[in-house]
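The values are calculated or read from the model by the stated rules, or taken from the named source; none is laboratory data. Just so it is clear, the model here is predicted, and its values are computed rather than measured. Cβ placement follows ideal geometry from the backbone for every residue including glycine, while neighbour counts extend to all protein chains displayed. Each accessible area value is taken on the protein alone, full model and side chains, heavy atoms only, with ligands, DNA and RNA left out. Shrake-Rupley method; radii C 1.70, N 1.55, O 1.52, S 1.80 Å.
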Amino acid sequence: MHVQRTTEASAARTARPRTSAARAWSGTLALAAAMALVGGAATTAGAAPAAAPAKTPSAADVAAVKAALQKTLDAGAPGAFAVIRDHGQRLGTTSVALGKADLDGTPMSPALRFRAGSNSKMFASVLVMRLVEQGRVDLDKPLRTYLPAGTLPDGWDMTVRQVMQHRGGVYDHTNDLLEQAGEETTAAFEARIRNNAYQPGDMVAMSVKHGQQYVPGTKYSYSNTGYVLLGMAVEHLTGRKYADVLDREIIRPLGLRNTSFVVPKKAIDGRHATGYLTNDDRTKPLLDSTEQTASWVWTAGAVITTAADLDRFLTAVTTGSHGGLVSDASLAQMTSVLPTPTAKISYGLGIREIALSCAKVYGHGGIVQGYQTQSFVTADGKKSVVAFANASNNGAVTTALVNVLEPAFCGAAPAASPAKQRSATKGGAVTDRTVPVVEDTRI
């Protein structure tokens, strides 16, 4: 195991922000205004206002973080890490890395690049909100207004907001490409995922064949196709390729030197973790799934990044106008969440909220063949956690990785008083510190 701590002062000496947005990110990140917006944003009817956290996140329980990461290894991941950053605090950054970045024995390191999976949805959401701020998108108008003619059938009037919330009734085309619910097979990966280069319009056509799934706004159902549609809208409105817009609007302004969107290029350039799938034939070794076009998820899941870049991006988003990516008003919209069928989990506009024992945190998870990441930050942007493992299609790995969040943000569980211990023994209520696995377990 490798545990490393750095302070904000030492990190600042090596940082070289190149733009105004990057300079804003590297300054003081305490935003009382942003916190107020997150806690009480006004949104569409039925939105549940985010309540103020009952307690404040505390120093990480490093031993418990290590234990959760060890469980990911015990479940089959070659390696895993967690990066816990206390922005502006003396605690600085704590990194815990276990296991291997590849089966050749390279030690796992938080500095390595990886596929971010559905964390990519946060990037797409920011691009849409920047168009909203420019007056080019209205969240409450039909998404097809902003798409090439014929992309969606007449009468499909789900709004931009509903699609961003996974409440648009859009069938998830990825269900057609995988052979079983929940976790993809290596046979499906080799047959339809690794080398196939899908066009966004073709993936939408797969979805449309299934028809509208429900009246928009009436339920929650996670849909990667919705975020493919949002990427198509970004391209249609800007007249530029999505990768170019992402680079111009987010990557270069924040100085995200290790973040890229290279669909359909299969390789990951630079130093990176190797991603692995559990083989359908359990007598065979893990399957190296690193090289893949990622076109089947496109803007819903194809960003490549590092822990440091993901932390910088997420912190910039959740500090609103101060972060230089979205306004405080946009942040309020993005973090005004509605409940999902999963306990403790709510969803806004491309951002997930998890209710931990000490606070509500905001971010996303991401699973794409061979890689999974959980990246979250407190409402004020002061504390962030990025947890990663280089294995997917393994529910036990996912469960262990998600449960890094509680000890990383909230520290050690408080010792139960004798009275509470007696109550628990007799079947009384005890604090549940586990975090449920959410619905994007495939991607």
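For the peptides 241-251, 332-342, residues were scored by their other Cβ atoms within 10 Å and the scores averaged per peptide; the highest-first order is 332-342, 241-251. A simple count of charges around Ala124, restricted to other residues whose Cβ falls under 12 Å of its Cβ and scoring Lys, Arg +1 and Asp, Glu -1, yields 0. Residues in the range 61-204 average 37 Å² of solvent-accessible surface per residue, probe 1.4 Å, ligands and nucleic acids excluded. Using the Karplus relation 6.51 cos²θ - 1.76 cosθ + 1.60 with θ = phi - 60°, the per-residue 3J(HN,Hα) values for the range 165-171 come to 8, 6, 10, x, x, 8, 4 Hz, with x marking Gly and Pro.
Let a ≥ b ≥ c be the square roots of the eigenvalues of the Cα gyration tensor of the range 210-288; is it rounded (a/c under 1.5), or, if not, prolate (a/b larger than b/c) or oblate? Because a/c hits 1.5 or more and a/b fails to exceed b/c, the range 210-288 counts as oblate.
Here the Karplus curve 6.51 cos²θ - 1.76 cosθ + 1.60, taken at θ = phi - 60°, turns the phi angles of the range 398-403 into couplings of 4, 4, 5, 5, 4, 7 Hz, with x standing for Gly and Pro. Distances between placed amide hydrogens fall under 5 Å for Ser295 paired with Tyr198, all partners being 5 or more residues away or on another chain. Amide H to amide H, with H built 1.01 Å from N, Ser392 comes under 5 Å of Tyr276, Thr278, Gly370, Tyr371, counting only residues 5 or more places away or on other chains.
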